[in-house]
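Here's the structure we're looking at; comments come further down.
What follows draws every value from the coordinates through simple rules; no lab data is involved. Just so you know, these numbers come straight off a predicted model, no measurement behind them. Here the Cβ is made from the backbone with ideal geometry for all residues, glycine too, and neighbour counts use every protein chain on show.
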Amino acid sequence: MSESKKFLLPEKDIPTAWFNIIPSMPVKPRPMLNPATKQPITAEDLYPLFSEEASRQEVNYTDNWITIPEPVRDLYKIWRPTPLVRARGLEKALGTSSHIYYKNESVSPVGSHKLNSAIPQAYYCKEQGVTNLTTETGAGQWGAALSLASRMFGLELAVYMVKVSYNQKPYRRSIMQTYGAEVIASPSMSTKAGRKIITDTPNHQGSLGTAISEAVELAMSTPNCKYALGSVLNHVALHQTVIGLEAEKQMEMAGEYPDIVIGCFGGGSNFSGIAFPFMRHNLSGDRSTRFIAAEPASCPKLTRGVLQYDFGDESGYTPLIPMYTLGHNFRPANIHAGGLRYHGAGAVISQLKSDGLMDAVDIPQLESFEAATLFAKSEGLIPAPESSHAIAAAIREARRADEEGRPRTILFNLSGHGLIDMTAYDRYLAGDLANYEVTDEEVAANTSTLEPLI
Ligand SMILES: *Cc1c(COP(=O)(O)O)cnc(C)c1O
């Protein structure tokens, strides 16, 4: 292992505003639609579900910079700014002439980037007098983050956790419970949506789609209760831009600018967070960085999905979102990167991808764990199974650069650590993990009935 080089910023360099990419986009994303009327969703339409400020941010097509409230910035100081690290150990292990950097979001108290959005979402709810929150969680990262954020502002939280993760990742459940949240395995018998899913498919192991349906139903049927989502939506991507804004300054300290920026991809929040601040320099014509979203081969919405209006959840409670999707009924294989098991990509990402302003790759499960163990051995950190997809993509790019004899500066986001995911590592080390391929027939079967884009 060689000594890796860290670039640290002082607290005063925590950004004072988030970057909203929408006003800079050459083609704006299509609006979300009300499924009943097919009319564009307004901020007011979202008020029953989200805090009013998050609702306004969701449809803000005009302001590039949104001020971060001081109480939120103060709480960011618990772990931000996060380190940017030159991964010399990994470079050496690969024998690459490229320079590889990673932004280490795993240093947050809950071990992932998710707290960057959990804190402002809980704050805005508290400010308007909300008392209860509800949400879904896949691998448990978002649930853990919102549990802590709810605690910070004295809000009660109920978390619907995808059943397969509830069983595979009991410690994430304990973390949420330690912060005082109530955790329910989804699909559950506690909602109409859950009961219907269980009736139709008794062994349903849950997905982010089922958990979102249940959480949304609870929020809509409980007074003074709001829902918070950990990915996909514009306001979540917005909050995550603190990652890229800090990284931009840190790359400057390192005396470099990235040729390639990579993030793993579930619904798009950590990818957007690291990518959008750099992408603004592409959109203004000043740079030509390549952006790569790394998704699992078992849930390849950006590389194999279709761009259509689709629901964000399994039961069809959410607005229609213009997204690259595998269909809201798509049931991804039970891979260990639980946070990447989501059928669609956010509206902004989908438009950027469709316009050729970013790329996507899909990574088989075994390749992600090979990358993860190489990273652990060479850098010392055990990455989250989700983040390992970004590492695998970075390794592919470094190898390609060497083949082409053109060294690159590669930056990826380490979205979280894997210390609570050791069951997954155990299974990998025991040779028990497999790759999962999605057939074209599966994609066609789940997407053929979707609403066309208009
Ligand atoms: C949730 C999660 C992801 C995937 O979600 P995005 O919104 O796509 O970022 C990736 N990495 C980690 C560690 C996560 O917890």
Assuming R0 = 56 Å, can you tell me the calculated FRET efficiency for the pair Val27 and Leu429, based on Cβ-Cβ distance, to the nearest 0.05? 0.75
Cα centroids of segment 63-119 and segment 217-245: how far apart, whole angstrom? 20 Å
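What's the longest piece of the chain with no exposed GluC sites (Glu not before Pro), counting a site as exposed if DSSP puts it in a loop and it has at most 15 other beta carbons within 10 Å?
On the way: sites that count: Glu3, Glu256, Glu437.
Longest run free of exposed loop sites: 4-255.
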When a/c is below 1.5 the answer is rounded, else prolate if a/b is larger than b/c, else oblate, so apply that to segment 100-227 with a ≥ b ≥ c taken from the square roots of the Cα gyration tensor eigenvalues. oblate
Considering amide H positions built from the backbone, and no H for Pro or chain starts, which residues 5 or more places from Ala384, or on another chain, come under 5 Å of its amide H? Gly416, His417, Gly418
Which far-off residues, 5 or more places away or on another chain, put their amide H under 5 Å from the one on Phe311, with H placed in the peptide plane? Ile321, His328
So the angle from the long Cα axis of helix 365-379 to the longest Cα principal axis of the chain, reported in degrees to the nearest 10, equals 50 degrees
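Please work out how much length the chain gains when fully extended from Thr42 to Ala333, using 0.36 nm per residue of separation minus the C-alpha to C-alpha distance, in nm with one decimal. List each step's numbers first, then the result.
On the way: separation 291, 0.36 × 291 = 104.76 nm, distance 3.50 nm.
Gain in length upon complete extension: 101.3 nm.
If you take the square roots of the eigenvalues of the alpha-carbon gyration tensor of segment 353-401 and sort them as a ≥ b ≥ c, do you get rounded (a/c under 1.5), prolate (a/b over b/c) or oblate? Walk me through the intermediate numbers first.
Numbers: a/c = 2.40, a/b = 1.89, b/c = 1.27.
Prolate, because a/c is 1.5 or more and a/b exceeds b/c.
Rounded, prolate or oblate: which fits the chain when a ≥ b ≥ c are the square roots of the eigenvalues of the alpha-carbon gyration tensor, with rounded for a/c under 1.5 and prolate only if a/b beats b/c?
Details: a/c = 1.36, a/b = 1.26, b/c = 1.08.
Note, shape of the chain comes out rounded.
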Can you spot the lysines whose alpha carbon is less than 16 Å from Lys28's alpha carbon? Ignore those fewer than 8 places along the same chain. Lys353
Ala139 long-range amide H proximity, modeled H, under 5 Å: Gly339
Note the full-extension length gain between Asp402 and Ser97 as 0.36 nm times their separation in residues minus their Cα-Cα distance, in nm to one decimal. 109.1 nm
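Of the cross-linked pairs Lys103/Lys169; Lys126/Lys196; Lys92/Lys163, which ones have a Cα-Cα span greater than 30 Å in the structure shown? Mind showing how you got there, number by number?
Details: Lys103/Lys169 25 Å; Lys126/Lys196 33 Å; Lys92/Lys163 40 Å.
Flagged as over cut-off: Lys126/Lys196; Lys92/Lys163.
Can you give the helix-only mean residue ellipticity at 222 nm for the chain, where every DSSP H stretch with n ≥ 4 adds -39500 (n - 2.57) and the sum goes over all residues, rounded to the nearest 500 deg cm²/dmol? Intermediate results must be reported in sequence, preceding the final value.
On the way: 19 runs with 182 residues, N = 454.
The helix-only estimate for the chain comes to -11500 deg cm²/dmol at 222 nm.
Between Leu366 and Leu453, what length comes free when the chain is fully extended (0.36 nm per residue of separation minus the Cα-Cα distance, one decimal in nm)?
Details: separation 87, 0.36 × 87 = 31.32 nm, distance 3.54 nm.
Result: 27.8 nm gained on full extension.
What net charge do the residues around His235 carry, taking every other residue with its C-beta under 12 Å from that of His235, with Lys and Arg at +1 and Asp and Glu at -1? Write out the running numbers ahead of the final one.
Numbers: positive: Arg56; negative: Glu52, Glu53, Glu58.
Net local charge, His235 excluded: -2.
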